[in-house]
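Okay, so here's the structure we're looking at.
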């Protein structure tokens, strides 16, 4: 129960902090906010590593930078997205976010792979495994010092200036951002019904596939998803950002539904891996689009408002999906996921097909 409380406090605290920073960033220097956030990361890691009282851990979780969700919704997110957008031209923006997401995915995978090293080192040196777990948190804090050094090297172009705007979002942008946030939340809500854990549970019950084989399948799909960001850039230059999001996402959802109806495990897993090529192509395109349809000083707010609700929307569906699989071995959660995502895609196309970023002025 205490672990659940700490995880919940961390999730809600991270969401609140991300929103707070996003909607106030126009009043402050972003590089200074990045510096403060890095120091907060240092304190968070060290406090988690050295503290034992439950109440202290709960407080640190609520006000710190750790986010237990699979996504990267943190205080750094709106600041980094706004900073990156300020350093490139409109035509290069999507490509930069594609590389940004690719590197983030690969480094995150390496981090997950290395997560057990501190515990292994502690036990190999005759120490209790608890020492290794605490050391992992301290290493997280030390990584904040590395971020400080990196952020100190920001180029002059990225050193954004404060504005005298009364609010983080203007009237016109507010409607656009709130609508996008609602649509992205619908997409994420649907995705919560088909997390890796839920999909793995269904596959195990349906095909009795071994964890080792399933791990290889997830790895293959993940690699395709990571590198598909680069392909998305080429597609978006031809058909536009909104159409790229929609026309890659709908086939991915159709493939997910096809997995459910596949006659055998090889067809099912082949379709799932193929889906990996399409399912995440919208990620850098989505980020680029949000940054493009608002004013420069509104970008941090737009990033936080569109990403935080999206992250929270995926929290409840796994509970419902697990209950569904307890009642039946049929993949109702996967079909619900596909239906929600296709609905999101169609709504996005209808509502934003004529809201184009500056670089698409020549597209018909």
Just give me the residues in region 256-268 being assigned to a helix (DSSP H, G or I) and free of Cβ contacts under 8 Å to residues at least 12 places away in the same chain, in sequence order.
-> 261, 266, 267
Answer yes or no as to whether residue 234 is part of a helix (DSSP H, G or I), modelled with pLDDT of 90 or more and under 13 Å from residue 281 (Cα atoms).
-> yes
Within the group 306, 343, which residue is at pLDDT 90 or above, farther than 30 Å from residue 208 by Cα and touching a helix residue (DSSP H, G or I) at 6+ places or on another chain (Cβ under 6 Å)?
-> 306
Could you list, in sequence order, the residues of region 200-220 that are more than 13 Å from residue 266 (Cα to Cα), assigned to a helix (DSSP H, G or I) and over 23 Å from the mean Cα position of the chain (by Cα)?
-> 202, 204, 205, 211, 212
Have a look at 35, 18, 24, 8 and point out the one that is in a helix (DSSP H, G or I), outside the structural domain of residue 290 (by TED's automatic domain parsing) and modelled with pLDDT under 80.
-> 8
Lone qualifier among 253, 173, 225 - being assigned to a helix (DSSP H, G or I), within 18 Å of the chain's Cα centre (by Cα) and surrounded by 15 or more Cβ atoms within 10 Å (Cβ to Cβ) = 225
Residues within region 119-145 that are at pLDDT 85 or above and loosely packed, with under 12 Cβ neighbours inside 10 Å, tallied | 0
Just wondering, is there one or more residues in region 152-166 that are surrounded by 20 or more Cβ atoms within 10 Å (Cβ to Cβ) and modelled with pLDDT of 80 or more?
-> no
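Conditions tested, residue by residue: (1) touching a helix residue (DSSP H, G or I) at 6+ places or on another chain (Cβ under 6 Å); (2) outside the structural domain of residue 80 (by TED's automatic domain parsing); (3) closer than 25 Å to residue 219 by Cβ.
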| residue | (1), (2), (3) |
| --- | --- |
| 97 | yes, no, yes |
| 103 | no, no, yes |
| 107 | no, no, yes |
| 123 | yes, no, no |
| 128 | no, no, no |
| 131 | yes, no, no |
| 136 | yes, no, yes |
Taking region 72-95 and keeping residues out of contact with any helix residue (DSSP H, G or I) (no Cβ under 6 Å at 6 or more places or on another chain), assigned to a helix (DSSP H, G or I) and farther than 19 Å from residue 107 by Cα leaves 92
Looking at 43, 88, which one is surrounded by fewer than 21 Cβ atoms within 10 Å (Cβ to Cβ) and within 28 Å of residue 359 (Cβ to Cβ)?
-> 88
Output for Cβ contacts, cut-off 9 Å, separation at least six or different chains, first residue in contact (Cβ under 8 Å) with a residue 40 or more places away in the chain and at positive phi in region 305-331, second part of a helix (DSSP H, G or I) and surrounded by fewer than 18 Cβ atoms within 10 Å (Cβ to Cβ), reads none
Among the residues of region 16-36 satisfying the criterion of being free of Cβ contacts under 8 Å to residues at least 60 places away in the same chain and surrounded by 15 or more Cβ atoms within 10 Å (Cβ to Cβ), which is nearest to residue 297 (Cα to Cα)?
-> 33
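The values are calculated or read from the model by the stated rules, or taken from the named source; none is laboratory data. Remember, predicted model here, so these are calculated numbers, not experimental data. When we count neighbours, we look across all protein chains shown, and the Cβ atoms used for this are built from the backbone with ideal geometry, even at glycine.
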